[in-house]
1. Give just the number: which of (1) of a type in the set (A, V, I, L, M, F, W, C); (2) surrounded by 13 or more Cβ atoms within 10 Å (Cβ to Cβ); (3) under 14 Å from the mean Cα position of the chain (by Cα) does C63 not satisfy?
2. Any residue at all in segment 86-104 that's acidic (D, E), within 13 Å of the ligand (Cβ to nearest atom) and over 11 Å from the mean Cα position of the chain (by Cα)?
3. Any idea how many residues of segment 78-90 are open to solvent by 30 Å² or more (accessible area, probe 1.4 Å) and assigned to a loop (DSSP other than H, G, I, E, B)?
4. Do we have any residue at all in segment 16-37 that's within 16 Å of the ligand (Cβ to nearest atom), in contact with a Cys (Cβ under 6 Å, 6 or more places away or on another chain), part of a loop (DSSP other than H, G, I, E, B) and at negative phi?
5. Give the residues of segment 70-85 that are farther than 14 Å from R50 by Cβ and near the ligand (Cβ under 9 Å from one of its atoms), sorted by residue number.
6. Here's a check for you: in segment 46-69, which residue that is under 23 Å from Y32 (Cα atoms) and in contact with a Phe, Trp or Tyr (Cβ under 7 Å, 6 or more places away or on another chain) is nearest to the ligand (Cβ to nearest atom)?
7. All but one of (1) touching a Phe, Trp or Tyr at 6+ places or on another chain (Cβ under 9 Å); (2) open to solvent by less than 30 Å² (accessible area, probe 1.4 Å) hold for F24, so report the exception by its number.
Amino acid sequence: MTMRVNSHPVLGKLGERKQITIYFNGKPFQAYEGDTIASSMMAEGVYTLRQHEESGKERGIYCNIGHCFECRVKLGGRRVVRACMTPVFNGMEINSLTAFGERDE
Ligand code: FES
């Protein structure tokens, strides 16, 4: 069941947007152009974006404005980005961070 907000009490009804497919840890998810990785995953009920490097505890968005880096994920197994600040594109491959020191190559 999607948790996507299609109509907002202040912003009104959201317009038609192009549906795309993104992949999180290899699993396909529906998203829309203009979404961020974080908003796409939350709309699909996925709140854990990575595991803490030392404790292994689940981590997701915290500030949702690009300051805390709690939402960092890997794109295509290489580039590390903030999920709350990164727009999705069709076919995007996103992976959780699980180990200390994973970063841009
Ligand atoms: S949730 Fe804080 S930078 Fe993304």
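The values are calculated or read from the model by the stated rules, or taken from the named source; none is laboratory data. These numbers come from a predicted model, not from an experiment. Cβ placement follows ideal geometry from the backbone for every residue including glycine, while neighbour counts extend to all protein chains displayed. Accessible surface areas use protein heavy atoms only, side chains included; no ligands, DNA or RNA. Shrake-Rupley method; radii C 1.70, N 1.55, O 1.52, S 1.80 Å.
1. Only one criterion in (1) of a type in the set (A, V, I, L, M, F, W, C); (2) surrounded by 13 or more Cβ atoms within 10 Å (Cβ to Cβ); (3) under 14 Å from the mean Cα position of the chain (by Cα) is unmet by C63, namely (2).
2. Of all residues in segment 86-104, those acidic (D, E) come to 93, 102, 104.
Restricting the remaining residues to those that are within 13 Å of the ligand (Cβ to nearest atom) gives none.
Checking segment 86-104: not a single residue is acidic (D, E), within 13 Å of the ligand (Cβ to nearest atom) and over 11 Å from the mean Cα position of the chain (by Cα).
3. 4
4. There is no residue in segment 16-37 that is within 16 Å of the ligand (Cβ to nearest atom), in contact with a Cys (Cβ under 6 Å, 6 or more places away or on another chain), part of a loop (DSSP other than H, G, I, E, B) and at negative phi.
5. M85
6. G60
7. (1)
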